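Please treat every number below as a calculation from the coordinates, not as lab data. This is a predicted model, so every value here is computed, not measured.
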Amino acid sequence: MGESVRERGQGDKQMITIRSEEPADVEVIHSIHQSSFPTEAEARLVDRLREERKLALSLVAEVKDCAVGHVAFSPVSVDPQSPAKRGLGLGPVAVLPEWQRKGIGEQLITRGIEDCRRDGYSFIVVIGGPEYYGRFGFRRASVFGLANEYGVDDPFMVLELSAKCQDIVYPALRVKCVTTSFTQRFPDQVFHNQM
Ligand SMILES: CC(C)(COP(=O)(O)OP(=O)(O)OC[C@H]1O[C@@H](n2cnc3c(N)ncnc32)[C@H](O)[C@@H]1OP(=O)(O)O)[C@@H](O)C(=O)NCCC(=O)NCCS
């Protein structure tokens, strides 16, 4: 069902639809990331995740039948391994510059979280601005003893999707994942050790 885009000024309300990626979206998704980030790294990352069948969830935001935003979720691996702890990494997420700050990113991420929960994942990790992701319930992952293979602390955040985060993460659990920030900080390690 469509939801309205947050109004700025007196403009008409426009309806936004969040839907799963379709085969015809490949080029426009690339172009959304290329236009929203300083480099093409994120656009290429999404292409590669798709080629390697690691796009566990890929959502497109549409206004008037035009794709204006996209979010990807890809599997992360945990160490020690546990079948009960299935998680995804959020990112990259992008909204075309002219459509930013209208609530589209929020709708993409909210719907993504709902879909991950529906699909039985235990947690989502992200590397990003704590202020932005905090509004969706993400918390500093180190609070739960959750580390990552790159040693990133503050911006590394987790959202638990099952009853208690303690059931999901515990001291010495490490996550190996792909996110936007990793591509910027660790360009050579992006696909290292992914599930
Ligand atoms: C981040 C992004 C996807 C958000 O999409 P959006 O549709 O603009 O987001 P929303 O409209 O739902 O929310 C915008 C709010 O989040 C804030 N916000 C946006 N990006 C933020 C960030 N990286 N850190 C902190 N706050 C952020 C804005 O200040 C804005 O708040 P305000 O309008 O009340 O001042 C979009 O800005 C984007 O594509 N940016 C470039 C790519 C990028 O940086 N992706 C995320 C990497 S972690």
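Does segment 31-73 classify as rounded, prolate or oblate by the C-alpha gyration tensor (a ≥ b ≥ c root eigenvalues; a/c under 1.5 gives rounded; else a/b over b/c gives prolate, otherwise oblate)? Kindly include the intermediate steps, with their values, before the conclusion.
Details: a/c = 2.64, a/b = 1.22, b/c = 2.16.
Oblate.
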Amide proton proximity set for L57, modelled H, under 5 Å, gap of 5+
F73
Across segment 60-74, in residue order, what do the Karplus-derived ³J(HN,Hα) couplings come to in whole Hz, using 6.51 cos²θ - 1.76 cosθ + 1.60 with θ = phi - 60° and x for Gly and Pro?
10, 9, 10, 10, 6, 6, 10, 6, 10, x, 8, 9, 10, 10, 10
Other-chain or far-sequence residues with amide H under 5 Å of V76's (modelled H):
G87, L88, G89
Aspartates and glutamates near K64 by alpha-carbon distance under 14 Å, same-chain residues fewer than 8 away left out - which ones?
E3, D12
Would you pull out the residues with amide H under 5 Å of E149's amide H, same chain only if 5 or more places away, H placed 1.01 Å from N?
V175, C177
